[in-house]
Amino acid sequence: MSPGEPPRIGDLGENRLVARFRELASAEAGRGVLIGPGDDTAVVRIESNRLLLLTCDMMVEEVHFWRQWARPEQIGAKAMTQNLSDVAAMGGEPGFAVASIAAPGELPAQMVEGIAQGLISTASRYGAAVVGGDLVGSPGPMVIDVALVGWVEEDLLLLRRGARAGDVIAVTGSLGASAAGLVALRQGFGDQRWPELAQVLQAHHEPRPRLAEGRAIAATRQATAMMDLSDGLADDLPRLCAESGVGARIYADRLPVDPACAAVAARVGADPFTLATSGGEDYELLFTCARGAVGEIAAAVSRSTGTAVTAIGEVVSAEEGIALVSTGGERRALGTGFDHFGAQRS
């Protein structure tokens, strides 16, 4: 290492880096953490009257994130958000996480610390704590893997199965902003400064898990099924339908396309509707409920969070399949969302 050059991972070594992560994580640990990072496992206290939720998500460099486009803290925050969103989809609350990072030794240590800080601060912001993990050397690419434990009351648990023919299909918030941000980055617009671009870049780099919205939906006890939109409506809705054994009819004119997505799409030559249905990483909640319950749920979510709920379609029989209905009444396929292995082939 040259004088004045920032230290790299390989210069500091595993023990010093782990000690730093332990320092960062311990500062944010909650009361339920009995033993945090530093021992062979973490030890936490849980309540016996709740169901335990377990989830994990992995992010791979140049598949899910690009170092040249995002700050280290944003990369870490997004890795944690993926998991928090999964807990939100169950109507639950997050508890404790472990995070592992595989990185090349020549990577600046400051970058890895920034990723750790993003993981830890995002977990803390939503009531969770990072209690351990692992750090390993790798020839690349960088990989970040997070596992999260949460919980939910048994009578509030929501699953992908449970939707019934005749139910309304609804989503929280708006769709397409994150995908518009990624398209803008890929086309070289990342350094430009205009309001809608700033909005979609923030949506892409700093998505928000809908934990409060998920709790509000679950608390009404009116939803019949729910999941988060991580790979896009076109991929995620069929998953919910498959688990519930139903079909779906989505109305194109009801989709809440994010206004910033529409504005950016016009500038970069993209189709905002395709971004909203197939782009992915919106982390909004997709849920179903009886027709008479959608107003109650929307009101509950609005009261507690200010987030809008939009009815976008209806559940039909499995025999009818999944269709997108245009304003003129034409039926067509919904499209496809993000596929991890398909992305490798493209």
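Some notes on this structure:
- Flag if ASN49 is among the polar types (S, T, N, Q), in a loop (DSSP other than H, G, I, E, B) and either modelled with pLDDT of 95 or more or in contact with an Asp or Glu (Cβ under 8 Å, 6 or more places away or on another chain) (or both): yes
- Any hit, segment 193-208, residues being within 22 Å of ALA290 (Cα to Cα) and surrounded by fewer than 21 Cβ atoms within 10 Å (Cβ to Cβ): no
- Looking across GLY279, GLY321, GLY269, GLY313, one residue alone is of a type outside the set (Val, Ile, Thr), buried (at least 19 other Cβ atoms within 10 Å of the Cβ) and either over 28 Å from LEU84 (Cα atoms) or at pLDDT below 95 (or both). It is GLY279.
- Considering segment 282-306, and only residues there that are of a type in the set (Gly, Ala, Ser) and closer than 11 Å to ASP167 by Cβ, the residue that is surrounded by the fewest Cβ atoms within 10 Å (Cβ to Cβ) turns out to be GLY292.
- Every residue from segment 219-236 that is buried (at least 24 other Cβ atoms within 10 Å of the Cβ) and assigned to a helix (DSSP H, G or I): LEU233
Condition check ((1) in contact with an Asp or Glu (Cβ under 8 Å, 6 or more places away or on another chain); (2) under 23 Å from GLU281 (Cβ atoms); (3) not hydroxyl-bearing (Ser, Thr, Tyr)) across all residues:
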position: MET111; (1), (2), (3): no, yes, yes
position: SER121; (1), (2), (3): yes, yes, no
position: TYR126; (1), (2), (3): no, yes, no
position: SER138; (1), (2), (3): no, no, no
position: ILE169; (1), (2), (3): yes, yes, yes
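The values are calculated or read from the model by the stated rules, or taken from the named source; none is laboratory data. Quantities reported herein were computed from a predicted structural model and do not represent experimental measurements. So basically every Cβ, Gly included, is an ideal-geometry build from the backbone, and we count neighbours across all protein chains shown.
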